[in-house]
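Each remark here refers to the structure printed beneath this line.
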Amino acid sequence: MKMVNVLLVDDEIPFLETMTKRLAKREFITASASGASEAIKLIEKNSDIEVVILDVKMPEMDGLSALKIIRQRFPLVEVIMLTGHATIESAIEGMKHGAFDYLMKPCDMDQLVSKVREAAMKKRRHDEKILEAELKKITTSRI
């Protein structure tokens, strides 16, 4: 599997820095943002981002609001919600709005890595299907 492009979004800077380093050590291409608005701008600028690891509780814009915007504007980017304040309701809400998965902080690093890889594979399968459909459209229109 080629390297996965991951964006980590969390308002807790020490956590953000630690997780970014830990993911980079596992051969992920990482970017980070300390808030949802910054994250959305990064996704706009970097179409290579495949998976967003998104904190639920952030001051400027919460993770669920950010998730809705990301799913609307970048429907193929997969989002894993991460929180230290999980409730069943917020997990269900996140999944309803298209989150790939929902993990508790502090999460097991192996579990997070596994989920990020699964999410990236899902995105890549969608990308391939779109490409196949576009190629089919091009080739059938020439016949």
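A short reminder: the numbers here are calculations on the coordinates, not readings from a lab. Only a predicted model underlies this, so the values are computations on that prediction, with no experimental measurement involved. Note that we place each Cβ from the backbone using ideal geometry, even for glycine, and neighbour counts take in every protein chain shown.
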Worksheet item: What percent do you get for the relative contact order of segment 5-141 when only Cα pairs under 8 Å and 6+ apart count?
Response: 20 percent
Worksheet item: Where is the GNM fluctuation largest for the chain (alpha-carbon springs, 10 angstrom cutoff): Asp62, Asp108, Asp11?
Response: Asp108
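What list do you get for Asp48, Asp10 if you sort them by fewest beta carbons within 10 Å?
So the residues, fewest neighbours to most, are Asp48, Asp10.
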Worksheet item: For the charge dipole of segment 5-141, defined by +1 on Lys and Arg C-beta atoms and -1 on Asp and Glu C-beta atoms about the Cα centroid, which residue among Ser37, Gln111, Ile130 has the Cα displaced farthest towards the positive pole?
Response: Ile130
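Pulled fully out, how much extra length does the chain show between Glu132 and Ile13, if you take 0.36 nm times their separation in residues and subtract their Cα-Cα distance?
On the way: separation 119, 0.36 × 119 = 42.84 nm, distance 4.09 nm.
Residue separation times 0.36 nm, minus the Cα-Cα distance, leaves 38.8 nm.
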Worksheet item: Between Ser32 and residues 5 or more places away or on another chain, which pairs have amide H atoms under 5 Å apart, with H built 1.01 Å from N, and which residues are they?
Response: Leu8
Item to complete: For Arg26 paired with Ile88, estimate the spin-label separation in nm (one decimal), with each label point 7 Å from Cα along the Cα-to-Cβ line.
Response: 2.9 nm
Fill in: Prolate/oblate/rounded call for segment 10-109, Cα gyration tensor, a/c under 1.5 rounded
rounded
Item to complete: Would you give the gap between the C-alpha center of segment 70-118 and the C-alpha center of segment 29-69, rounded to a whole Å?
Response: 12 Å
Worksheet item: Assigning unit charges at the beta carbon (Lys, Arg +1; Asp, Glu -1) and nothing else, what dipole magnitude in debye, to the nearest 20, does the chain show about its Cα centre?
Response: 700 debye
Practice prompt. Would you please classify the overall shape of segment 70-131 from the alpha carbon gyration tensor, given that a ≥ b ≥ c denote the square roots of the eigenvalues, rounded means a/c under 1.5, and beyond that prolate means a/b larger than b/c while oblate covers the rest?
Written response: oblate
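Please arrange Ser32, Ser141 by counting, for each residue, the other beta carbons lying within 10 Å of its beta carbon, fewest first. Spell out each step's value before the answer.
Working: Ser32 19, Ser141 7.
Lowest count first: Ser141, Ser32.
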